[in-house]
Each structure stands twice: as C-alpha cells, then as structure tokens.
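**Q** Have a look at the structure that comes next, please.
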Amino acid sequence: MMSIKYKTIIITFIFILSIIYTYPNIHGEDPAIIINKKTQNIDNNLITYINDNLNINNIKKKSLIKKDKKTLIIRFFSTEDQFTTHEFLKNKNDQSINISLNILNSTSSEFLEKINAYPMKLGLDLRGGVHILIKVSIKNNINNFVKAKSSSLKNELKEKNITYQNIKANNKKIIKLYFNTDDDTKNAHNYLKSFLIGFDVIYYKNKKIKIQINKKQKNEIKKNIVEQTIYILSRRVNELGISDSIIQSQGKNKIIIEIPGIQDISRAKNILGKTATLSFMLVDTDTSIRRALRGKIPKQSKLFYQKDNTPILLKNKNILTGDAIIHASAGFEHQLNKPCINIKLGEKNIAIFEQTTMKNIGNPMAIVYKESVINNQKEIEIKETIISVATIMSALSKDFQITGLNMQESKDLALLLRSGSLPATISIMEEKIVGPSLGEKNIKSGLTSVCIAFIAILFFMVLNYKMLGLIANIGLITNLILLTAIMSIIGVTLTLPGLAGIALTIGMSIDANILIFERIKEEMKKEINHIYGIEKGFKNAFSSIIDSNLTTLIIGLVLFTLGNGPIRGFAVTLSIGIITSIYSSIFVTKTITDIFLTKNIKLIKNENKLHKTK
Amino acid sequence: MKINFIKLNKISMLISIILCILSIFYLSKNNINLGLEFTGGIEIELESKNKIELNEIKNKLNNINNIKIKYYGSKKNIQIKIKNTNENIDNIIILIENQIPNDIKIIRIDYIGAEVNNETIKNSINAIVIAIMSMTLYLTYRFKYKMALSAIITLSHDIIIILGIISLLKLEFDLTTLSAMFAVFGYSINDTVVIFDRIREYSILYKGEKNLKEIINISINNTLSRTTITSLSTLLVTTILIFFSGEYLFGFSIILSLGIIIGTYSSIYISTIPLLFLEKFK
C-alpha cells in the first residue's frame with residue numbers, strides 16, 4: 001500500500017495540474033477582429049476611425065491592441081458586436097487593409113501556450129455559426145475518367161500494333177473494345193491483363209473485350225476529388241475572411257464545413273458550393289441569327305441567350321477557360337464607369353490567348369459564366385449565362401479586365417476564380433445555422449444548469465452526510481476540475497448536450513461516495529472500531545463502484561463510437577466523467593478520509609454521532 | 001426497518017405488466033413523434049423582442065406543405081417545422097423571411113436532407129444493439145449469466161415504458177432524446193448491478209444459511225438507502241436541467257428524470273423477479 005504521504009503528493013500534483021489546464025476556460029475565448037495593414041503601418045487615423053464608429057454603434061470593446069506595426073486586434077464581449085464592427089469596417093471599403101473575423105483565447109500567456117493549455121472549443125450551438133454537410137457527386141468524375149481511359153486505350157493499342165475495330169465507353173463505367181480478328185483480341189487481352197491499371201476485364205469472348213473500372217480506382221478518384229474539394233473550399237473560406245473554420249471529410253464522399261459565427265450565411269453558402277467558371281468564346285458572325293433560330297445551327301456553334309434574352313450564336317470552342325486564370329480581383333473600370341474584374345493569366349496560356357485575340361481583332365467575343373447545379377431530379381445540370389459580349393479591340397495578354405456584372409457579382413466571381421473551381425458538383429445534405437444570440441443564450445442556460453446542479457449537490461451531500469459529505473464535496477470539486485482539464489487537454493468541443501453531460505456527471509459521480517458512505521454506516525452497526533468500519537466500508541463498496549461505473553462507461557463508449565452530433569458531445573463528457581469520478585471518489589475521498597482519521601479524532605466523533613442518531 | 005420485497009413481487013409485477021401494456025398501447029396508437037434527424041426536413045426557430053402572434057404567422061405560411069408552427073419556450077419564440085419536404089431550403093427561408101414581420105428574426109435553422117436520415121436511423125439502431133450486447137457480455141463475465149439476463153430483462157422493461165412515456169407525452173424522439181435514453185440505460189443497469197453485486201456477496205457470505213429469497217431481500221434492504229439517495233441526487237440534477245437548461249434540452253431532461261424514476265423502481269422491485277424465476281430451473 002502507498003503511504004498517505006505519497007497519495008497526498010499525487011493528489012495535490014494532479015489537482016494543481018488540472019487547475020492549470022482548467023484555468024484558460026474561466027476566461028474562455030473572445031470574438032475578435034484582426035486588421036492587417038497590407039503595406040504601410042497602422043496609423044492613428046484608423047484607430048480613431050474605429051473608436052469613433054464603435055461609439056456611434058454603441059459597442060463596448062474589450063480591448064484594442066496593436067500587436068505589431070501592421071496588425072491591430074480588437075476584442076469584443078459578444079459576437080454581435082464583432083459582426084457590427086466587421087460590417088462597418090467592410091463598408092469603409094479600405095483596400096489597404098485585410099479584415100478577418102477570429103475567435104481568440106482571452107488569456108494568452110506564453111507559459112500556458114507552451115504547455116498547450118487552451119480553453120475548450122465551443123460547439124456551434126454555444127457560439128453560433130454554420131454547420132454544413134455536403135455530398136460530393138463523383139459520378140461525373142468517374143464517367144470522365146472512363147471516357148479519358150477509353151481514348152487513351154486507342155493510343156496504347158496503336159503503339160502495340162494491335163488493330164481494333166472500335167473502342168467506346170458507355171456510361172456504366174464500362175469500356176467495350178471490338179476487334180476484327182481473334183489474334184488481335186488475344187493480344188489486346190494479354191496487354192490489358194498485364195498493363196491495365198484501375199480496370200478489370202469482365203468479358204473476353206467473340207472478338208470483344210469489356211473492361212470495368214474497379215473499386216480501388218473508384219475509391220482513389222473519390223479520395224482525390226474529396227481532397228481537392230476540401231482544399232478549394234478552405235481557400236474560399238479563407239477568401240471570405242473567416243478563420244477558425246473546420247473543413248474535413250466524413251465518410252467517403254462527404255465533407256463537413258463548420259464556420260463559427262458568420263453573418264451573411266446565404267452569401268457564404270452560395271460561394272462555398274459554387275462550381276462556377278468562366279469561358280471565353282468567339283461569336284459566330286458567319287451564320288445569321290435568324291437561320292440559327294430556325295434550327296439551322298452549324299455544327300461547331302451553339303445558340304445562347306443573353307441577359308436581355310436576345311439570342312446570340314457562339315463558336316463552340318473555348319478560347320480561354322477559368323483554369324487559365326491565376327488571379328482575379330474585383331475593381332472599377334473608370335473609363336466605362338462600371339465595376340470590373342481584373343484578370344491575370346498564367347504563363348502557360350498567355351501565348352495562345354494572345355494569338356487568338358490578335359487574329360480576331362474587330363470580332364466580338366463573349367464571356368460565358370458556367371455553373372453546374374444539381375436539379376430537382378438530382379442530376380447535374382450546367383447553367384450557362386453570358387456575362388458580356390465585347391469587340392476585341394487589341395490583342396489580349398497577361399492582364400485584362402472584364403465588365404458586365406454588378407459590384408457584388410464581380411466580387412463573388414473574382415473570389416471564385418481566385419480559389420479555383422471545384423472538381424465536382426456538391427450538394428448540401430445537412431445544414432445547421434445557430435444565430436449568435438441563441439448561442440449566447442444556450443451557453444448561459446447550460447452554465448447556469450451546471451452551476452446550480454453543482455451547488456445543489458454540495459448542499460445535498462453535507463445535509464446527508466455532514467463531515468463525510470464535506471469530504472465528498474472536496475472529491476466532487478476535484479472531479480469537476482479534473483473533468484474540465486481533461487476535456488480541455490484532449491480538445492473536446494463543448495456543446496449544450498455536453499454541458500448537460502457535465503451536470504449529469506455531477507449528479508451521478510456522487511453515487512460512488514454514497515455507495516461508500518452507506519456501506520460505512522452499515523459496517524458501523526457491526527464494528528466497534530470506527531477506523532476499521534470506515535476501512536471496511538470503502539473496501540466492500542469497491543466492487544459495486546467498479547461494476548456499476550464500467551457498465552455506464554461501456555454505454556458511453558458505444559455512444560461515442562457510433563453516435564454523431566449531439567450524441568457525441570454528451571457521450572464524451574459522460575465517459576470522461578465516469579473515469580474522473582472513479583478517481584475522485586475512490587482515491588481522493590479515501591485519502592482525505594484517511595488523513596482525517598489518522599490526525600483528527602473529530603471525524604470519528606462526528607461519525608459516532610451520526611451513527612447514534614440514525 | 002426491513003421491507004419484505006419478495007412478498008411485494010406479485011404487486012410490482014402486476015404494476016409493471018400494466019405499465020408495459022399501456023406503453024405498447026400508446027406506442028401503437030400515437031406512434032413515436034420522430035425528430036428531424038430521423039425524418040429529414042427543416043426546423044426554424046424565430047425570435048422577437050415582443051410577443052409573437054402565432055395565428056398571424058400560421059395564416060401567412062399555411063401554403064407550405066407539412067408545416068407545423070408552435071411557440072417554443074416562450075411567447076417570443078416560435079418554432080417552424082417542415083418534415084418530409086423536397087423543397088429547397090433556401091426558397092423556404094426566403095419565403096418565410098418575406099412573410100414574417102420585421103421584428104421577428106430567424107435565430108436557428110436546421111436542415112436535414114432526405115439522405116442523411118436513413119444513415120442516422122441505421123447508426124442509432126446499431127448503437128442500441130451494440131450497447132445492449134456489450135453490456136450483456138460484461139455482465140455475464142462479471143456475474144452469472146442468469147443475473148446478466150435478469151439485468152437485461154429489467155432494462156428492456158425500462159426501455160418499453162420510457163418509449164411509452166415518449167409517445168404518451170408526444171415528446172419528439174431525436175438524437176438528443178436518444179442520448180438521454182442511453183444515459184437512462186446506463187443508470188438503470190448501474191442501479192441493478194449494485195443490488196446484484198450485493199446478492200453475489202451475500203450468496204457467498206450466507207452460503208447454506210439462507211435461501212435465495214432471503215438473500216435477495218437482505219440485499220435490496222441493505223442497498224435501499226444508497227439506491228434512494230443516489231436517485232435523489234441524480235433527480236435533483238435532472239430537475240434542475242428541466243428548469244434551467246432551456247427549451248432545446250427540455251425533452252432530454254424530462255426523459256432523464258422519468259427514466260431515473262423508472263430505473264430506480266425497476267431495480268428495486270423488478271430486477272430480482274426474473275432472477276428468482278430463472279433460478280427455479282437449475
């Protein structure tokens with residue numbers, strides 16, 4: 001057996017450690033805005049402007065700190081204040097600053113950061129924000145992959161001198177190969193058997209081979225597409241000036257996006273999910289519109305309608321697509337007095353574009369906005385809108401501007417072009433939005449419940465068990481602090497059900513102590529020696545405590561591994577709570593009782609009285 | 001003070017059978033009011049600084065299919081629920097935003113697409129089955145299989161009655177309610193285990209001296225104060241949750257509270273009945 005001294009040391013050590021890790025939670029996190037000056041240093045004008053506007057909007061700031069020469073951090077008491085401030089800063093339309101919404105730790109001491117002591121992250125139900133679950137439709141990508149493979153097979157077989165009659169991909173992920181002779185079929189089969197990756201031969205007979213894309217390849221495509229989508233979504237979220245967001249995959253083809261407190265949700269959603277790109281096409285001036293409207297459209301052209309519904313015939317060949325654009329920004333065309341998008345092309349594509357536009361000086365060119373959406377029948381549909389039609393005045397090169405959209409549209413499109421286009425169409429499967437005011441209400445009611453429950457249990461124990469109750473309460477306090485510390489260390493996201501889980505843990509954890517104390521009372525009836533009685537009480541209650549807690553722990557763990565959403569937050573707190581309460585009731589309470597027993601006779605007298613009155 | 005629980009067996013069995021039959025009756029009559037996570041659909045919470053006229057809102061929005069509107073927590077909050085809908089969420093939101101007065105604000109939107117709910121149902125059923133199975137395994141390992149079986153029978157009894165109460169009170173059965181049910185499973189098993197633990201201990205202590213009925217009776221009596229005090233302490237917390245944790249956790253807290261009462265009742269009065277019955281067939 002460990003001596004009391006060592007136990008006390010261990011308990012004190014764990015207690016101090018848990019207080020350190022719990023500490024950051026007391027202050028929690030602040031909603032904040034970080035302002036970055038792009039080139040110059042922060043000047044006093046900006047600070048005065050911010051302070052004046054804060055006063056006008058009746059906003060109390062928590063602090064305004066110049067972190068370095070170029071960075072300014074404003075902390076707020078509520079997310080609503082943060083949003084209002086963000087709004088007026090954005091309206092200032094100051095191009096020289098970057099503004100980003102943040103959530104920062106209130107206490108940033110180097111020591112705490114060094115030992116990784118951070119406050120728990122708050123779930124969306126407590127801080128407000130958006131949770132979106134999206135599904136990536138990979139069907140198209142697989143089809144494209146199969147199609148690409150079928151055309152590359154043609155070259156591969158040619159290289160091997162194998163003559164084929166026809167190779168075609170049908171939309172069921174299968175490629176059919178037809179041959180003229182059995183020899184060719186056999187050679188092709190041999191070739192496919194040894195060099196074909198990602199496909200399986202499913203039919204080989206009668207001058208015909210069928211190959212089908214296999215699961216491994218499909219999963220690889222899925223994985224790649226999901227990764228790419230996550231990458232682009234993250235870029236878009238960053239472009240929107242939101243930090244602290246979570247974008248991660250769930251399952252094979254789903255992605256979770258969690259954004260704390262964002263005010264313009266519909267815009268964000270619009271931007272996140274868009275698979276939009278631009279395409280530059282020449283206008284077909286050889287064919288008259290009238291002929292085209294009568295259905296006589298030349299093969300290489302396609303009929304479009306402009307915004308005002310006038311028809312226009314475009315040559316169905318992209319002279320430039322969105323992928324060629326390496327940078328885009330919204331701006332203002334002063335000559336035309338219109339909003340515009342400044343486009344910058346990548347080196348690779350400049351030459352061709354320059355040539356094409358040079359050849360076509362004087363001819364009109366259309367800029368088409370293409371967007372794939374999922375329609376009601378769950379099919380992918382490509383929507384094409386013409387943004388503008390303009391005559392090419394000179395050869396276009398690396399930098400040029402396009403007009404035809406309003407300011408907001410220009411900004412959004414520039415953002416989309418900057419972040420790159422999504423590799424697949426996505427659809428929203430689940431969406432949860434919690435307003436910041438509701439989040440604050442939730443955290444208030446959650447914390448109130450925990451506090452009241454805690455105080456109620458403290459009283460309950462003292463009323464029931466007097467001195468022993470006080471000892472149990474010390475155990476309960478260590479339990480609560482340890483629970484918070486562990487949750488902070490392993491980075492649990494605190495949710496409202498999680499808070500309920502903490503409250504419930506407080507109520508249930510005391511059970512171990514009740515088991516022990518009732519057992520002690522029982523033993524006291526038999527024993528004359530009280531120290532021995534208490535010892536026996538602890539000992540005999542032990543197996544009950546372990547059995548009953550382990551069964552609950554099993555439930556907690558099952559809930560954790562299988563559940564999602566609210567279940568998970570609850571399961572985590574419940575499970576950790578069980579472990580900490582076993583520690584606090586068996587180890588902490590026992591040691592404190594031992595200390596009292598060896599040093600203080602009063603406890604025994606109290607115990608005696610308690611025994612007699614009952 | 002000693003109570004002869006064995007003598008009360010017949011009465012408690014009668015009560016439990018009636019409760020179970022009533023539960024099954026309500027379950028078949030009312031069904032379970034499944035929450036959004038299981039049906040898919042849209043849930044929107046609106047808030048105003050002033051009292052909201054429910055009928056006014058209802059009249060304005062009655063052209064939306066499957067729409068249900070009610071006060072939520074207070075008269076300043078309402079909840080709009082549209083289950084089983086194929087409508088586009090954004091269209092619905094725009095429609096609602098256009099119809100409601102300016103002082104009412106949307107503070108929460110939950111949209112769950114039709115594809116998610118099948119997965120949720122599957123996961124939930126898996127969770128229940130695996131939880132019960134792993135508990136049975138653990139209990140069989142720690143106790144005799146007869147005790148394990150009795151504990152599981154008691155648990156099933158609790159589940160039926162809780163489901164009955166959910167359908168009687170027309171509480172919504174969503175993931176939060178489900179986690180409350182799980183907590184009750186844990187609690188109920190916990191209570192039963194404490195009693196069985198004592199039975200196991202006394203079976204060794206009084207081997208040959210006392211028969212099973214007597215052992216069970218002493219065990220229940222000796223753990224009685226613990227059972228009641230723990231129930232009271234936990235009930236204290238869950239009652240606090242009912243009143244302070246807000247509308248969102250209301251159903252959760254109600255189920256926890258009622259579940260604890262049922263769990264306590266069943267471990268004291270019911271859990272040993274199947275044990276006695278099973279022991280007859282040695």
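**Q** Here is a check on your reading of the model: is B:ILE165 in contact with a Leu (Cβ under 7 Å, 6 or more places away or on another chain), part of a helix (DSSP H, G or I), closer than 24 Å to B:ASN31 by Cβ and more than 10 Å from every other protein chain (Cβ to nearest Cβ)?
**A** Working: in contact with a Leu (Cβ under 7 Å, 6 or more places away or on another chain): yes; part of a helix (DSSP H, G or I): yes; closer than 24 Å to B:ASN31 by Cβ: yes; more than 10 Å from every other protein chain (Cβ to nearest Cβ): yes.
The answer is yes for B:ILE165.
**Q** To continue, here is another question. How about segment A:486-510: which of its residues are over 17 Å from A:PHE454 (Cα atoms), part of a helix (DSSP H, G or I) and either among the small types (Gly, Ala, Ser) or at the interface with chain B (Cβ under 10 Å from one of its Cβ atoms) (or both)? Can you show your working first?
**A** Residues of segment A:486-510 that are over 17 Å from A:PHE454 (Cα atoms), as a first pass: A:486-495.
Restricting the remaining residues to those that are part of a helix (DSSP H, G or I) gives A:486-489.
Scanning segment A:486-510 gives a single hit, A:SER488.
**Q** May I ask you to list pairs of residues, at least six apart or on different chains, whose Cβ atoms are under 8 Å apart, with the first in segment B:132-154 being in the same structural domain as B:MET13 (by TED's automatic domain parsing) and closer than 20 Å to B:ILE216 by Cβ and the second being of a type outside the set (Phe, Trp, Tyr) and surrounded by fewer than 18 Cβ atoms within 10 Å (Cβ to Cβ)?
**A** Within 8 Å, the pairs are B:LYS146/B:LEU278; B:LYS146/B:GLU279; B:ALA148/B:THR136; B:ALA148/B:THR140; B:LEU149/B:THR136; B:LEU149/B:LEU278; B:SER150/B:LEU278; B:ILE152/B:THR136.
**Q** Still on this structure, I have one more. Every residue in segment B:202-228 that is free of Cβ contacts under 8 Å to residues at least 12 places away in the same chain and within 14 Å of chain A (Cβ to nearest Cβ), please.
**A** Passing the criteria: B:ILE204, B:LEU205, B:SER225.
**Q** Shifting gears a bit: With more than 30 Å from A:SER543 (Cβ to Cβ), surrounded by fewer than 20 Cβ atoms within 10 Å (Cβ to Cβ) and in contact (Cβ under 8 Å) with a residue 24 or more places away in the chain as the only criterion, which of B:LYS81, B:LYS49, B:LYS70 stands out?
**A** Numbers: B:LYS81 fails: surrounded by fewer than 20 Cβ atoms within 10 Å (Cβ to Cβ); B:LYS70 fails: in contact (Cβ under 8 Å) with a residue 24 or more places away in the chain.
After ruling out the rest, the residue left standing is B:LYS49.
**Q** Condition (residue is within 37 Å of the chain's Cα centre (by Cα), more than 10 Å from chain B (Cβ to nearest Cβ) and charged (D, E, K, R)) applied to segment A:430-445: is it met by at least one residue?
**A** Scanning segment A:430-445 turns up at least one residue that is within 37 Å of the chain's Cα centre (by Cα), more than 10 Å from chain B (Cβ to nearest Cβ) and charged (D, E, K, R).
**Q** Picking from B:PHE182, B:PHE173, which residue would you name as being farther than 30 Å from B:LEU212 by Cβ, in the same structural domain as B:ILE260 (by TED's automatic domain parsing), surrounded by 21 or more Cβ atoms within 10 Å (Cβ to Cβ) and touching a strand residue (DSSP E or B) at 6+ places or on another chain (Cβ under 6 Å)? Break it down stepwise before answering.
**A** Values: B:PHE182 fails: touching a strand residue (DSSP E or B) at 6+ places or on another chain (Cβ under 6 Å).
Just one listed residue meets the conditions, B:PHE173.
**Q** Return the residues of segment A:473-492 that are modelled with pLDDT under 90 and crowded, with 19+ Cβ neighbours inside 10 Å; say none if nothing qualifies.
**A** The first filter runs over segment A:473-492 and keeps only residues modelled with pLDDT under 90, leaving A:490-492.
A:VAL492, the sole residue that qualifies.
**Q** Could you tell me which numbered condition B:THR192 fails, if it satisfies all but one of (1) within 8 Å of chain A (Cβ to nearest Cβ); (2) buried (at least 24 other Cβ atoms within 10 Å of the Cβ); (3) hydroxyl-bearing (Ser, Thr, Tyr)?
**A** The failed condition is (1).
**Q** Taking the residues in segment B:229-243 that are within 7 Å of chain A (Cβ to nearest Cβ), within 12 Å of A:ASP511 (Cβ to Cβ) and among the aliphatic types (A, V, I, L, M) as candidates, determine which candidate is surrounded by the fewest Cβ atoms within 10 Å (Cβ to Cβ).
**A** Result: B:ILE229.
**Q** Given the residues B:ILE17, B:ILE57, which is the only one that is modelled with pLDDT under 85, in a helix (DSSP H, G or I) and either closer than 18 Å to B:ILE100 by Cβ or assigned by TED's automatic domain parsing to the domain that holds B:LEU171 (or both)?
**A** Only one candidate passes the filter, namely B:ILE57.
**Q** State whether the residues of segment A:536-554 include one that is polar (S, T, N, Q) and closer than 16 Å to B:ILE130 by Cβ.
**A** Kept after step one, since they are polar (S, T, N, Q), are these residues of segment A:536-554: A:540, A:543-544, A:548-549, A:551-552.
Remaining after also requiring closer than 16 Å to B:ILE130 by Cβ: A:551-552.
So far as segment A:536-554 goes, yes, one or more of its residues are polar (S, T, N, Q) and closer than 16 Å to B:ILE130 by Cβ.
**Q** Would you be able to tell me the number of residues in segment A:448-485 that are more than 16 Å from A:ASN25 (Cα to Cα), aliphatic (A, V, I, L, M) and within 13 Å of chain B (Cβ to nearest Cβ)?
**A** Of the residues in segment A:448-485, 12 are more than 16 Å from A:ASN25 (Cα to Cα), aliphatic (A, V, I, L, M) and within 13 Å of chain B (Cβ to nearest Cβ).
**Q** Applying the selection to segment B:98-132, what residues are more than 9 Å from chain A (Cβ to nearest Cβ) and surrounded by fewer than 14 Cβ atoms within 10 Å (Cβ to Cβ)?
**A** B:ASN98, B:PRO101, B:ASN102, B:ASP103, B:ASN118, B:LYS122, B:ILE125, B:VAL129 - these are the residues of segment B:98-132 that are more than 9 Å from chain A (Cβ to nearest Cβ) and surrounded by fewer than 14 Cβ atoms within 10 Å (Cβ to Cβ).
The values are calculated or read from the model by the stated rules, or taken from the named source; none is laboratory data. The shown structure was predicted, so the numbers you read here are calculated from the model rather than taken from an experiment. As a convention, Cβ positions derive from the backbone with ideal geometry for all residues, glycine included, and neighbour counts pool all protein chains shown.
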